[in-house]
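Below: the structure, in structure tokens.
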Amino acid sequence: MKISEEVMFLENAFDALNERYFESALPKIAITIQSTPRAHGHFTPWDSWNDDGSPIKEINMGAESLKRPVVEIIGTLLHEMVHYYCCINNIKDTSRNGSYHNKRFKEECEKRDLIISRAPGIGFSVTLPSNKLVDYVCSQGWNEKIKLFRTFDFVEMGVESNGESADNTGNDENAQKKEKKSKSSTRKYICPCCGLSIRATKTVRVACMECNEQLEEVHKDS
């Protein structure tokens, strides 16, 4: 297969999902396949492409993540389409520069046959296809469409998203700096709904008066 064939499949899937779950309200978007370290995909909320004079946004699918089952790939595509929907409808679905997914995002996803769970540091972002979405994927004949994927895996090769090696055992100075940093007594807490954040020097229980939600501690390894 050619990468262009994979992109064409994703574009056709986008159109079908757009019609089924968004009443075809999502404008044209650029769909790309590139490496996305530590993520299965991402949505670019600004006009990062130009289509013959018309600015358009982007959904990127992680090249390494295409090795997953097609139903999970479609789940990721739909996840990013929800971000797109929220963007053009002025729904604040994330905070912390788009990394923390709030309850509004969860609600919009669950309207569209996705199962969303929460994880430390990223909020309601962990995505699985519901049985209803699995049935739809099967009905479209998409089960074995993706056969080409990038084999290099940033996590498996010990590379973090910032490009540094995850194995610093050969650099005592860096290891000592990281160890010293990890011993910091400062803790960060964030509201799972609106993204309000505070810092404390000890473990605390704090609530956001605006959302009536208890703030969650953001762990350093998230």
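The values are calculated or read from the model by the stated rules, or taken from the named source; none is laboratory data. This structure is a prediction, so every number in the text was calculated from the model and none was measured. Here Cβ is always computed from backbone atoms with ideal geometry, including for glycine, and neighbour counts include all displayed protein chains. When the accessible area is computed, the model is the full protein with side chains, heavy atoms only, and any ligands, DNA or RNA have been set aside. Shrake-Rupley method; radii C 1.70, N 1.55, O 1.52, S 1.80 Å.
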Notebook entry, point to check: Which condition breaks for Glu11 when tested against (1) open to solvent by less than 70 Å² (accessible area, probe 1.4 Å); (2) charged (D, E, K, R); (3) within 23 Å of Leu133 (Cβ to Cβ)?
Noted result: (1)
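Scan region 57-80 and tell me whether some residue there is in contact with a Cys (Cβ under 7 Å, 6 or more places away or on another chain) and not acidic (Asp, Glu).
Residues of region 57-80 in contact with a Cys (Cβ under 7 Å, 6 or more places away or on another chain): 79.
Narrowing further to those that are not acidic (Asp, Glu): 79.
There is at least one residue in region 57-80 that is in contact with a Cys (Cβ under 7 Å, 6 or more places away or on another chain) and not acidic (Asp, Glu).
When region 1-33 is examined, which residues are found to be of a type in the set (Asp, Glu) and closer than 20 Å to Asn143 by Cα?
First pass over region 1-33, keeping only residues of a type in the set (Asp, Glu): 5-6, 11, 15, 19, 23.
Of everything in region 1-33, those that are of a type in the set (Asp, Glu) and closer than 20 Å to Asn143 by Cα turn out to be Glu5, Glu6, Glu11, Asp15, Glu19.
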Next item on the list: Scan region 97-110 for residues that are touching a strand residue (DSSP E or B) at 6+ places or on another chain (Cβ under 7 Å), within 14 Å of Ile122 (Cβ to Cβ) and of a type outside the set (Ser, Thr, Tyr) and jot them down.
Entry: His101, Asn102, Lys103, Phe105, Lys106, Cys109
Item checked: Failed condition for Asn143, given (1) open to solvent by 40 Å² or more (accessible area, probe 1.4 Å); (2) in a loop (DSSP other than H, G, I, E, B); (3) within 14 Å of Val82 (Cβ to Cβ) -> (3)
Note to self: Can you find, within region 87-125, the residue that is nearest to the chain's Cα centre (by Cα) among those that are modelled with pLDDT under 95 and among the hydrophobic types (A, V, I, L, M, F, W, C)?
What the structure shows: Ile122
Check: Going through region 83-138 one residue at a time, which ones are over 17 Å from Ile190 (Cβ atoms) and among the charged types (D, E, K, R)?
Finding: Glu107, Glu108, Glu110, Lys111, Arg112, Asp113, Lys132, Asp135
Item checked: Residue pairs meeting the criteria (Cβ under 6 Å; at least 6 apart or on separate chains; first without any contact (Cβ under 8 Å) to a residue 60 or more places away in the chain, in region 1-29; second among the charged types (D, E, K, R) and open to solvent by 10 Å² or more (accessible area, probe 1.4 Å)) -> Ile29/Lys57
Notebook entry, point to check: Which of the residues spanning region 14-28 are closer than 12 Å to Leu77 by Cα and either part of a loop (DSSP other than H, G, I, E, B) or touching a helix residue (DSSP H, G or I) at 6+ places or on another chain (Cβ under 6 Å) (or both)?
Noted result: Leu17
